[in-house]
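The values are calculated or read from the model by the stated rules, or taken from the named source; none is laboratory data. As the structure is a prediction and not an experimental result, all values here were calculated from the model. We place every Cβ from the backbone using ideal geometry, glycine too, and count neighbours over all the protein chains shown.
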Amino acid sequence: MVQEWSSSWQAVVVSLEQRADRRRRVAALLEPYPWLLERLRWLPAVCGQSLAPERLVPHLLSNVHSEEQEVKPRYEMLEGTSTCWNHDWLHMTPGAVGCALSHRVLWESFPQHAAACDQDWLLVLEDDLLWVASDLEQRLGEVLRQLPEAWHLCYLGWHGQGVIHLALGDTGPLTTVGPLEPWSGEAPLGTFAYLVSRAGAKVLLEAGSAFPLRRQLDAQLSQLCADGSLRRCLSLL
């Protein structure tokens with residue numbers, strides 16, 4: 001069945017170079033899916049610890065506190081020093097900023113590369129992936145058949161204890177998948193597994209869309225879904 005859509009996509013795993021342990025684990029998870037490995041590449045993630053966050057303001061990082069009730073700015077330079085004080089560290093850690101910028105790198109490169117290679121969509125995975133459905137090929141094919149016209153983003157997983165149970169081998173009733181449906185963006189779903197279309201990548205790169213960041217990327221995307229900026233879908237693979 002994979003032949004029905006094999007010519008129009010690519011898969012990417014975002015992973016920090018120093019996390020070889022995670023790459024080994026994800027590689028083992030994906031080993032049963034040669035059709036996926038044939039189109040998979042690994043993208044070195046941006047290391048947030050190496051960033052000077054104040055230099056990302058205002059184009060990539062908002063200086064507005066992510067908690068709306070807080071009136072102080074997120075970043076404040078300490079007078080007489082080159083040091084930046086982060087008032088918002090619980091919500092925007094260096095790792096969170098690096099993660100968001102890693103996804104931005106993908107979105108920036110995808111439309112141009114997709115046009116040259118006639119690719120319609122991208123499967124994005126992160127190296128904290130815990131579980132993959134045994135019938136992934138069938139499930140992904142079904143999702144692609146159900147996607148509406150002019151879609152932008154489609155989530156392929158979920159957070160929570162259910163994923164832990166699946167990773168530990170307790171499949172139970174969680175293997176049952178419902179129909180593809182629009183997602184209203186009530187709560188962040190994470191960015192560890194999603195599909196993005198060529199048009200969706202362009203929308204995400206528009207000024208005032210995903211960037212500058214006001215909150216962590218998954219929450220930022222949820223807000224875009226809630227206000228209708230992204231045409232989005234949800235499928236629990």
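Residue-by-condition table, conditions (1) surrounded by 15 or more Cβ atoms within 10 Å (Cβ to Cβ); (2) modelled with pLDDT of 90 or more; (3) part of a helix (DSSP H, G or I):
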| position | (1), (2), (3) |
| --- | --- |
| G178 | no, no, no |
| S184 | no, no, no |
| P188 | yes, no, no |
| T191 | yes, yes, no |
| Y194 | yes, yes, no |
| A201 | yes, yes, yes |
| L204 | yes, yes, yes |
| S209 | yes, yes, no |
| Q223 | yes, no, yes |
Practice prompt. Report the residue count in the range 97-148 for those that are without any contact (Cβ under 8 Å) to a residue 24 or more places away in the chain and within 28 Å of A52 (Cα to Cα).
Written response: 1
Discussion item. Quick check on my filter: what residues within the range 12-55 are within 12 Å of C99 (Cα to Cα), without any contact (Cβ under 8 Å) to a residue 60 or more places away in the chain and either in contact with a Lys or Arg (Cβ under 8 Å, 6 or more places away or on another chain) or in a helix (DSSP H, G or I) (or both)?
Written reply: G48, Q49
Discussion item. Considering only the range 20-28, I want to know if a residue exists there that is surrounded by 12 or more Cβ atoms within 10 Å (Cβ to Cβ) and touching a helix residue (DSSP H, G or I) at 6+ places or on another chain (Cβ under 7 Å).
Written reply: no
Fill in: Residue ranges of strands (runs of 3 or more DSSP E) in the range 65-170 with at least 1 members at pLDDT below 85 and under 29 Å from R24 (Cα atoms)
none
